[in-house]
Amino acid sequence: MSFDGSYSATLSPSVSESFGSHVLSNSISSLTSSTTSRPSSNNISKTYRQASQLFLTRRLPEALSTVLPLITPSAESSNVNGLTEPAPVARASRSTRIKVWSLYLTILNAILELDADEGKDAFGTQEWRTICKKVRDSDVWEEVVQFGYHGVEGEVDSDVVINLATLLLAHAKSQAVNQKRLENYLASSSTPNLDISKQLEATRSPRRTSRSRRSHSKSGADTPRDLNARVKILELYTLHVLLRNNEWDYAREFISSSAVLDEERRDAFLQALQSLQEEQQESERKEREEKQKQEEQLQKDIEEARRLRAENEARERRRINEERAKREGTEVDYGIENTPSTSGVRNKARSGSNGSVLSKSSKSSKPSAPKEKKAAVARPSLSARAIMILSNLRNIIEQMSATFRANPVLLMRLLAFVIGVIVMFGRKGVRERVRQILGTGWNKVRSTAGMGVKVSYI
């Protein structure tokens with residue numbers, strides 16, 4: 001009490017007033033900074049919960065627009081050198097940061113699983129293509145590193161790395177970028193340190209700087225939880241990404257030389273790799289067998305088509321020979337071979353120059369009429385002709401069916417022609433035009449027939 005009183009007595013009024021105002025301003029500034037920093041973390045948590053609710057209700061555009069301000073730096077936030085400040089999520093706690101980035105990557109995964117029409121209707125064509133291109137070209141990894149972790153790839157949280165690798169495994173065009181990013185992360189981040197004594201010594205040492213504490217907390221490799229995350233990253237890298245790039249030998253070497261995996265996990269990884277390789281070899285063998293079966297079936301189809309074509313050609317030759325034989329037989333039955341008498345009559349008619357010779361030739365031609373009538377009696381009956389016509393129709397139908405079986409394209413062309421004719425005659429203008437042409441043609445035929453009748457009558 002006396003010390004306070006003496007101290008206040010020695011100060012002049014002006015100095016005490018300035019000192020009091022300075023202390024008051026400092027306390028107000030500290031209070032203001034604490035109040036402004038505290039609502040920012042609360043605002044991030046509140047925005048995260050709101051975006052989560054929107055995502056759970058499948059309102060993907062609203063969820064994405066809600067979470068974007070947390071992971072995107074503002075345009076006016078730039079430092080002296082003109083570099084953009086990181087996103088607001090970079091200043092949040094580790095758990096909040098992991099939740100926000102995981103939600104963002106989950107929303108992107110749900111967006112890319114939409115159909116093209118549904119995605120374009122929800123986001124618009126341009127934005128939909130931009131989101132798909134960002135994920136399929138693996139640009140989202142660079143976005144996370146730059147906006148959330150100050151451009152340092154080794155400081156990315158392991159859970160975020162797992163979600164990024166899983167997203168790119170599902171939707172990326174190529175796994176080359178995914179492999180490169182995982183290799184950079186594994187090389188830049190520290191290896192797990194599970195020695196409890198060293199950790200206790202590090203915590204007791206007063207010379208440990210804040211930089212080392214921050215690096216250890218961000219590398220996240222000193223706890224069993226982070227060790228499990230690191231094992232999960234190795235599993236994604238060796239058993240998924242490298243296998244997509246067909247690097248089986250490198251994956252086996254990486255597993256065998258990894259310091260993170262113990263003997264049990266290493267054996268499990270190698271066994272899983274062996275089983276995956278055997279499955280791939282089995283699938284390749286089945287694919288080769290299936291391809292060989294398809295080629296054999298195609299060869300059989302070609303040979304069957306050739307055989308059918310040969311049979312059709314042989315059947316056509318037999319039909320032509322039968323028709324030729326029938327035609328020769330009908331010519332014999334019609335008495336075409338008994339033409340010498342008629343030719344003789346014609347010669348006599350040509351040699352004669354007077355009317356008597358013509359009368360004799362006419363008389364001599366009269367006895368030949370009964371012979372022609374007798375020969376005409378040998379013509380086939382109406383039923384035989386009908387049977388012949390039906391057999392020819394049956395042969396034509398069989399030939400057409402065989403042709404269509406050997407060449408289905410011909411049948412498709414015929415159907416297309418018939419459908420085209422039906423569609424063409426379905427139009428009223430075409431029907432009127434055809435009716436007009438047919439009427440004109442029929443009138444010409446009728447007039448021509450009438451003229452022929454008149455001429456024959458005359």
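Separation of region 136-153 from region 402-442 is 64 Å, based on Cα centroids.
Measuring against 27 Å, Cα to Cα, the residue pairs Lys99/Lys134; Lys120/Lys173; Lys120/Lys291; Lys134/Lys232; Lys300/Lys326 contain Lys120/Lys291; Lys300/Lys326 as the ones spanning a longer distance.
For Ala268 and Glu142, a Förster radius of 45 Å and the Cβ-Cβ distance give a FRET efficiency of 0.85, rounded to the nearest 0.05.
So if R0 is 51 Å, what FRET efficiency would Ser93 and Lys133 give, r being the distance between their Cβ atoms, rounded to the nearest 0.05? Could you put the intermediate results ahead of the total?
Working: r = 32 Å, r/R0 = 0.63.
For Ser93 and Lys133, the calculated efficiency is 0.95.
What share of Cα pairs, in percent, lie more than 18 angstrom apart in region 138-192? Intermediate values should be presented prior to the final figure.
On the way: 346 of 1485 pairs.
Of all Cα-Cα distances in region 138-192, 23 percent exceed 18 Å.
For a Förster distance of 56 Å, can you work out the FRET efficiency between the beta-carbons of Leu438 and Asp117, rounded to the nearest 0.05? With R0 = 56 Å, the Cβ-Cβ based efficiency is 0.65. The label-point distance for Ala110 and Glu247, in a model that sets each label 7 Å from Cα toward Cβ, rounds to 3.4 nm.
The numbers here are math on the coordinates, done by the rules we state, and not lab data. Computed from a predicted structure; not experimentally measured. Counting neighbours? That spans all protein chains shown, and the Cβs are built from the backbone with ideal geometry, glycine included.
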